[in-house]
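See below for the structure under consideration.
The values are calculated or read from the model by the stated rules, or taken from the named source; none is laboratory data. Treat the numbers as computed from the prediction; the structure is a model and nothing was measured. Glycine gets a Cβ as well: all are built from the backbone with ideal geometry, and neighbour counts include every protein chain shown.
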Amino acid sequence: KQEVTQIPAALSVPEGENLVLNCSFTDSAIYNLQWFRQDPGKGLTSLLLIQSSQREQTSGRLNASLDKSSGRSTLYIAASQPGDSATYLCAVPNTNAGKSTFGDGTTLTVKP
Amino acid sequence: DTAVSQTPKYLVTQMGNDKSIKCEQNLGHDTMYWYKQDSKKFLKIMFSYNNKELIINETVPNRFSPKSPDKAHLNLHINSLELGDSAVYFCASSARDRDHGYTFGSGTRLTVV
């Protein structure tokens with residue numbers, strides 16, 4: 001059974017700082033890995049999707065890496081801004097079933 | 001707009017009532033999902049349909065019954081609502097090959113009083 005863990009559960013940083021969010025998974029036979037952002041009271045917005053054959057994906061100030069062998073993914077946010085404050089979730093689709101296992105999220109607060 | 005849309009956005013109802021949440025996607029995806037996010041913000045899969053066929057049914061009370069009239073729609077009907085059913089319910093969809101990941105709806109906040 002796939003288990004997905006995100007550390008830390010909460011993170012508070014001053015504006016401008018670079019930061020890394022972590023996602024670990026127990027079953028390395030993954031199809032891909034997706035990072036989402038969720039604002040309070042809102043839905044999930046897809047940020048980056050890394051296929052199992054890829055090592056990283058970049059979008060603007062965001063960079064996500066994937067190391068299947070060690071069961072880890074990181075989301076790097078450069079030059080953080082208050083608008084980045086949200087909960088960040090990683091999701092891992094299981095290869096043998098049509099569902100994703102979600103981590104419990106990291107709640108990020110960027111202080112002006 | 002291409003999207004996954006859910007209705008209603010908010011739903012407040014009394015215990016014992018029956019209610020439905022509707023979901024539609026116009027992305028051409030053939031797999032749709034229902035997820036539940038509880039008060040602790042944990043997201044758990046409830047159901048998954050592929051081309052109108054149920055492929056995942058997690059441990060969910062049988063008061064919850066999904067219905068997929070076609071591959072663009074997946075509705076969730078809940079009978080005899082209980083206080084513990086209060087949560088945010090998210091609909092999502094993906095293509096068969098899942099290469100483009102999942103697209104989520106904006107959620108339905110259900111409050112049972």
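Looking at the range B:22-29, is at least one residue buried (at least 18 other Cβ atoms within 10 Å of the Cβ) and assigned to a loop (DSSP other than H, G, I, E, B)?
Kept after step one, since they are buried (at least 18 other Cβ atoms within 10 Å of the Cβ), are these residues of the range B:22-29: B:23-25, B:29.
Narrowing the set further to residues that are assigned to a loop (DSSP other than H, G, I, E, B) leaves B:29.
The answer is yes; a qualifying residue exists.
Among the candidates A:37, A:72, single out the residue that is out of contact with any Asp or Glu (no Cβ under 6 Å at 6 or more places or on another chain), without any contact (Cβ under 8 Å) to a residue 60 or more places away in the chain and more than 14 Å from chain B (Cβ to nearest Cβ). Please lay out each step first, then the result.
On the way: A:37 fails: more than 14 Å from chain B (Cβ to nearest Cβ).
Testing whether each residue is out of contact with any Asp or Glu (no Cβ under 6 Å at 6 or more places or on another chain), without any contact (Cβ under 8 Å) to a residue 60 or more places away in the chain and more than 14 Å from chain B (Cβ to nearest Cβ) leaves just A:72.
What do you reckon, is residue A:92 away from every other protein chain (no Cβ under 14 Å) and buried (at least 20 other Cβ atoms within 10 Å of the Cβ)? Write out each step before concluding.
Values: away from every other protein chain (no Cβ under 14 Å): no; buried (at least 20 other Cβ atoms within 10 Å of the Cβ): yes.
Here the answer is no, as residue A:92 does not meet what is asked.
For the range A:30-89: of the residues being modelled with pLDDT of 95 or more and among the basic types (Lys, Arg), which is nearest to the chain's Cα centre (by Cα)?
Applying the filter and picking the extreme gives A:37.
Residue check, residue B:49 against (1) surrounded by 14 or more Cβ atoms within 10 Å (Cβ to Cβ); (2) in a strand (DSSP E or B); (3) in contact (Cβ under 8 Å) with a residue 60 or more places away in the chain, all met but one. Which one?
Of everything listed in (1) surrounded by 14 or more Cβ atoms within 10 Å (Cβ to Cβ); (2) in a strand (DSSP E or B); (3) in contact (Cβ under 8 Å) with a residue 60 or more places away in the chain, residue B:49 misses just condition (3).
Any chance the range B:7-18 includes a residue that's part of a strand (DSSP E or B), in contact with a His (Cβ under 6 Å, 6 or more places away or on another chain) and at pLDDT 95 or above?
Quick first cut of the range B:7-18, residues part of a strand (DSSP E or B) only: B:7, B:10-13.
Narrowing further to those that are in contact with a His (Cβ under 6 Å, 6 or more places away or on another chain): none.
No: zero hits.
Would you be able to say whether some residue in the range A:10-22 is modelled with pLDDT under 95 and surrounded by fewer than 15 Cβ atoms within 10 Å (Cβ to Cβ)? Don't jump to the end; show me each part of the working.
Taking the range A:10-22 and keeping what is modelled with pLDDT under 95, we get none.
No; the residues of the range A:10-22 include none that is modelled with pLDDT under 95 and surrounded by fewer than 15 Cβ atoms within 10 Å (Cβ to Cβ).
If residue B:89 passes every condition in (1) within 14 Å of chain A (Cβ to nearest Cβ); (2) closer than 24 Å to residue A:31 by Cβ but one, which one does it miss?
Only one criterion in (1) within 14 Å of chain A (Cβ to nearest Cβ); (2) closer than 24 Å to residue A:31 by Cβ is unmet by residue B:89, namely (2).
Could you say which residue among B:35, B:49 is at the interface with chain A (Cβ under 10 Å from one of its Cβ atoms) and more than 18 Å from residue A:102 (Cβ to Cβ)? Write out each step before concluding.
Working: B:35 fails: more than 18 Å from residue A:102 (Cβ to Cβ).
After ruling out the rest, the residue left standing is B:49.
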